[in-house]
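Right, one structure below, let's go through it.
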Amino acid sequence: MMRLGRRVILVDVREEPEYAEYHIPGALLAPVRHLHDISLETFRDADLVIPYCYKDLRGFEAVQVLSRRGVQNLGLFEGFGIQAWERAGLPTAGTYSGLDEAGATRKLMAESR
């Protein structure tokens, strides 16, 4: 969907230190306990909203919370969380990966062509 120019919002629902270690480039940091504080405008006109964590236990909880708040077009990664993203060979940003946000985004866009 991202390759087709669709509006996909990735929501990292882990804690800030986990996000700093590594995350999907462009992902919004929103720990599960703060999902009630995020404006629903954030998700307006999204073609797909994918909350994720490491194995998607918190990702699944986030889908439930956001669904109750009225967010539509929710999904989870097949294969569970950021682990599935990494298994697919897609880049991450952060101290663990050694790529900053811009570098990881460039790599993702280059691989998407």
| message | Net charge around residue 30, counting only other residues with Cβ within less than 13 Å of its Cβ (Lys, Arg = +1; Asp, Glu = -1)? | response | -2
| field | Fraction in percent of alpha-carbon pairs per bin - 10 Å, the chain | value | 15, 49, 33, 4
| note | Taking the alpha-carbon centre of each part, the distance from segment 11-38 to segment 55-110 in Å is 9 Å
| request: Treating the angle as unsigned and between 0 and 90°, give the value, to the nearest 10°, between the Cα long axis of helix 101-111 and the longest Cα principal axis of the chain. | output: 80 degrees
| note | For the chain, dividing by residue count, accessible area per residue (probe 1.4 Å) in Å² works out to 59 Å²
| In a GNM of the chain with a 10 Å cut-off on Cα contacts, which of 96, 22, 54 has the highest mean-square fluctuation? | 96
| Measuring from label point to label point, each 7 Å out along Cα→Cβ, what is the residue 83 to residue 29 span in nm? | 2.4 nm
| task | Determine the sum of side-chain charges near residue 12: Lys and Arg each +1, Asp and Glu each -1, restricted to other residues whose C-beta is under 12 angstrom from that of residue 12. | result | -3
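I'd like the carbon and sulfur percentage of the solvent accessible area for the chain, probe radius 1.4 Å, heavy atoms only, ligands and nucleic acids excluded. Mind dumping the intermediate values first?
On the way: 3470 of 6640 Å².
The C+S portion of the solvent-accessible surface of the chain is 52 percent.
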| said: As I understand it, the dipole of the chain uses +1 on the Cβ of Lys and Arg and -1 on the Cβ of Asp and Glu, about the Cα centre. Which of 92, 32, 9 lies farthest toward its positive end? | reply: 9
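The values are calculated or read from the model by the stated rules, or taken from the named source; none is laboratory data. Only a predicted model underlies this, so the values are computations on that prediction, with no experimental measurement involved. Don't worry about glycine lacking a Cβ; one is built from the backbone with ideal geometry, like all the others, and counts go over all protein chains shown. Note: areas computed on protein heavy atoms with side chains; ligands, DNA, RNA excluded. Shrake-Rupley method; radii C 1.70, N 1.55, O 1.52, S 1.80 Å.
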